[in-house]
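So the structure is just underneath, and the comments pick up after that.
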Amino acid sequence: MKRGGNACSSKKQFMSLVDFKKIIDEIGNWEGEHIKNLRLYNAGEPMLNPEFKDMLLYLKDKNVSDRIEITSNCSLLTKELAETIVDVGIDYLRVSVYATNDVEKADFTRNSISVNKIIDNVKYLREYRERAGKKKPFIYVKTLDTLCNDENLFFDQYEGIADEIKIEETMDWNGTIDAPGSKKMTGKKICPWIFYFMLINPDGSVGSCCVDTEKAINHGNVLTQSVKDVWEGEALFNFQIQQIKDRKKIEFCSKCDTFLNDKFTIDNVDHINLDEFIRRKKERLN
Ligand code: SF4
């Protein structure tokens, strides 16, 4: 919901509740297949959005997606917000941890919110979930191999709070960092994400993946068009065709190896036949 921080230098911006409702209503009225996963974040911190709680409340009982996920550093996870997340029935909370001690955390995040404060925030959500007799959200706490200097302490800090704790491998984020994880490549040619993933930025512009923090890919805008029109539109169709023909000719995608590592993307769609893809897509749209 908010863009900014280390991965992005573009102007910070929040999606408004009004725009969010338009998008959710259109997804809810979608006559096609029910969407599988609604992710309420991208490159920024969703809990910074002052209307985030109202957005969650708007989702209650809407049944717009099989699953709803939030990724957050949980610095701003107040008791009220934690209760809303549980009450609304959010399925999955991915907690991004940057450090196990305050010195390293302040150095990395440049804010003074303590490690213990974040642990307490997540702990309260877990306790409230237990008191409410609910199983959701599943609490997944993760850090990165490049950030974690004390693995035992990290696991100890979230033991009994998280449902799953993990140290993830860093990925290279479209060639911007030299990550060990990105060395384990498959030989895939076509990016699978572009056939099932839609990134909606706070200004309504639509891209194809969360790697695109600078809006390099633009398939349209869901505030001036319908979500369906963008998803079925010519811009995305042409982008998919170009990817099938030769991904390396798309400048932004040419360096990307995010989908090449099976740890990050298990799908392989290299078998797609271009003529068959065009025929079936046109058939579906007519
Ligand atoms: S190839 Fe990479 S940059 Fe391009 S759409 Fe796929 S994940 Fe995004």
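The values are calculated or read from the model by the stated rules, or taken from the named source; none is laboratory data. None of the values given here were measured: they were computed from a predicted structure. Neighbour counts run over all protein chains shown; Cβ positions are idealised from the backbone, glycine included.
Residues in region 96-116 that are surrounded by fewer than 16 Cβ atoms within 10 Å (Cβ to Cβ) and over 24 Å from the mean Cα position of the chain (by Cα): ASN101, ASP102, VAL103, ASP107, SER112, SER114, ASN116.
Of all residues in region 146-163, those satisfying the criterion of being among the hydrophobic types (A, V, I, L, M, F, W, C) and modelled with pLDDT of 90 or more are LEU153, PHE154, PHE155, ILE161, ALA162.
Among the residues making up region 48-67, those that are farther than 15 Å from ASP25 by Cα and hydrophobic (A, V, I, L, M, F, W, C) are LEU48, PHE52.
Counting only helices (runs of 4 or more DSSP H) that fall entirely inside region 202-269 and contain at least 2 residues that are away from the ligand (no atom under 12 Å from the Cβ) and within 21 Å of the chain's Cα centre (by Cα), the qualifying elements are 227-231.
Look through THR143, THR170, THR176 and report the one residue that is within 24 Å of the chain's Cα centre (by Cα), at pLDDT below 95, closer than 24 Å to LEU76 by Cβ and not in a helix (DSSP H, G or I).
None of the others qualify; the one that does is THR143.
How about region 179-201: which of its residues are more than 13 Å from the ligand (Cβ to nearest atom) and modelled with pLDDT of 90 or more? Answer for region 179-201, where residues must be more than 13 Å from the ligand (Cβ to nearest atom) and modelled with pLDDT of 90 or more: ILE200, ASN201. Taken over region 89-125, residues that are assigned to a helix (DSSP H, G or I) and over 21 Å from TYR41 (Cα atoms) amount to 12.
For beta carbons closer than 6 Å, sequence separation of 6+ or different chains, a first residue in region 133-157 that is surrounded by 17 or more Cβ atoms within 10 Å (Cβ to Cβ) and a second that is among the small types (Gly, Ala, Ser), the qualifying pairs are LYS136/GLY89; ILE139/ALA162; VAL141/ALA162.
Tallying residues that are touching a Gly at 6+ places or on another chain (Cβ under 8 Å) and more than 15 Å from TRP193 (Cβ to Cβ) within region 237-262 yields 1.
Please indicate, with yes or no, whether at least one residue in region 62-79 is within 29 Å of ILE167 (Cα to Cα), among the acidic types (Asp, Glu) and either at pLDDT 95 or above or surrounded by fewer than 20 Cβ atoms within 10 Å (Cβ to Cβ) (or both). There is at least one residue in region 62-79 that is within 29 Å of ILE167 (Cα to Cα), among the acidic types (Asp, Glu) and either at pLDDT 95 or above or surrounded by fewer than 20 Cβ atoms within 10 Å (Cβ to Cβ) (or both). Figure legend. Inter-residue proximity from region 175-200: first residues closer than 19 Å to ILE27 by Cβ and surrounded by 20 or more Cβ atoms within 10 Å (Cβ to Cβ), second residues modelled with pLDDT of 85 or more and among the hydroxyl-bearing types (Ser, Thr, Tyr), beta-carbon distance below 6 Å, spacing 6+ or different chains. Indicated pairs: ILE194/SER208.
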